[in-house]
C-alpha cells in the first residue's frame, strides 16, 4: 500500500519532473490546485505538502522494517529448530511428491497481514498450478486455506473447491499446541488420500523458496509399501506393544501431519517477516529518491519565484527612473 | 497403556493421536514447579478462527480460543 501511494505521488508529479525550461515549470505549477487567485509569486506550497507526506511515509516504512527485523530474529530460531520435527518422518517414510492419488487436499499457508511482498501470491500461484496438475478423471482436489491473504485470492476463482479457511492464527505467538489443534480439526473435517502443504521455506533473509510437503494417508502408505522403495522397508521393523501395523501407521500419519504443519507455519511466518523487511526497505529507498527529486523541483520553483520578483522590482524601479 | 482390545481406549473414544499427545503434554506441563509452569502454560494458548465452506459459501466462522481443547 505504501508502494502504491508512492507510485501515485510520482505519477502526479511526472509532468513537473521532466526537463523543461523554467517558464514551462512555472506555468504547470501555477495550474495546480491551491495557488491563491491573484498571487504574483509562484507558490511552493504544493511541493512542500508532497515532500511532507513522502517524508512521513518514509519514516513509517523505516519503522516497519525495524519491527519486522526484530520479529524475524526471534522466529527464525524457532523455525530452524522445528525442522528437526519432520526429518525423522522423511527418514522413515520417504518423501513421495509424485504419488498418484484420487483425493488431494492442498493446504495453502499464507499470512493474515499484508505489505509483505509477493510471497502470498507465489503460494497461491503454486497451489493453483498444483490443482491443475493433479486434476483428471476420477480425481478430486480441494483446498484448505490458512490466512486471509490467500483466502482473498482464492475466493476469486476457486470458491467451489475450498473446504476450510482459517484465520487469526498469529494472534498469540505460534506454538505447537495451537497448530496441532488446527491439524486435528483439518483431519476431522477432511477426507484425503494425500495432503499437500504449500508454504514458503525460509532460506535466507532475501530468499524464500515455495515448497510443497506431502503427507499420505495410512491407506496410501500401505498401497505404496507394496510398490517397494522406502515404504516397502517398513515391514522389516519390529512392532512393540499391543498395536498393529495399521494402528501405528494411523498414529504416525496424524503426528506427521501435525509436525509438518507446525514447521510449515513457522517457516512461512519467518518468510513473511523477511519479505516484509525487504519490501519496507525498498519502499523507504524509493521514498528517499522521490524526496530528492521533489527537493530539486522545490528549489527550482523557489529560485524561479525569487527571480520573478527581482525582475518585477527592477523593471518597476527602472520604469520610475526612466 | 495400550489395552488388549483391538483399538486403544482413546481411539475408541473418538480422539486422534494428536489430541492424545496434547493431553499427555498438558499433564507433563502441569507437573512443573511454579515459575517454569507459568511459562510452559503460555506455550499452550490456542487461538484461531475456522470456517467451513459449503459449495462456495462460507458458514459462520467458529472461534477456537482457549488454552487447550481437550
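Each value in this text was obtained by applying a stated rule to the coordinates, not by laboratory testing. Quick caveat, the model's predicted, so the values are computed rather than measured. Glycine also receives a Cβ, built like all others from the backbone with ideal geometry; neighbour counts cover every protein chain displayed.
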Additional length obtainable on full extension of the chain from residue A:102 to residue A:60, 0.36 nm per residue less Cα span: 10.2 nm
Principal axes of the stretch A:196-281: Cα extent on each, largest first, Å: 56, 25, 18
Point-to-point label distance, residue B:40-residue A:309, nm (Cα→Cβ direction, 7 Å offset): 7.5
Taking every residue of A:160-172, the Cβ atoms of other protein chains inside 10 Å of its Cβ average out to 5
Relative packing of A:207-214, A:151-158, which averages over residues the other C-beta atoms within 10 Å, highest first: A:207-214, A:151-158
Length gained when the stretch residue A:302-residue A:206 is fully extended (0.36 nm per residue, less Cα-Cα span): 30.4 nm
Chain A: angle of helix A:176-189 to the longest principal axis, Cα-based, in degrees nearest 10: 70
Just checking the output field for A:254-264: average partner chain Cβ neighbours within 10 Å of each residue's Cβ? 2
Alpha-carbon centroid distance for the pair the stretch A:261-322 / the stretch A:65-94, whole angstrom: 40
With Cα atoms, 0 to 90° folded angle of helix A:245-321 axis to chain A main axis: 0
FRET efficiency, residue A:155 to residue A:133 (Cβ-Cβ, R0 25 Å, nearest 0.05): 0.70
Between the helical axis of A:148-157 and the dominant principal axis of chain A, each derived from Cα atoms, what acute angle in degrees is found, rounded to the nearest 10? 80
Ratio Rg/Rh, restricted to chain A and using Cα atoms, in which Rh is the Kirkwood radius: 1.25
Over the stretch A:86-143, equivalent-ellipsoid semi-axes from the Cα gyration tensor in Å: 24, 19, 9
Can you compute the helix-only [θ] at 222 nm over chain A? Use -39500 (n - 2.57) per DSSP H run of at least 4 residues, normalise by all residues, nearest 500 deg cm²/dmol. -22000 deg cm²/dmol
Can you tell me how the stretch A:43-134 classifies by the Cα gyration tensor, rounded, prolate or oblate, using a/c under 1.5 as the rounded cut? oblate
Would you mind giving the mean number of other chain beta-carbons within 10 Å of the Cβ of each residue in A:235-248, as a whole number? 2
Ranked by how many other beta carbons lie within 10 Å on average, peptides A:109-115, A:96-102, A:266-272, A:192-198 from highest: A:266-272, A:192-198, A:109-115, A:96-102
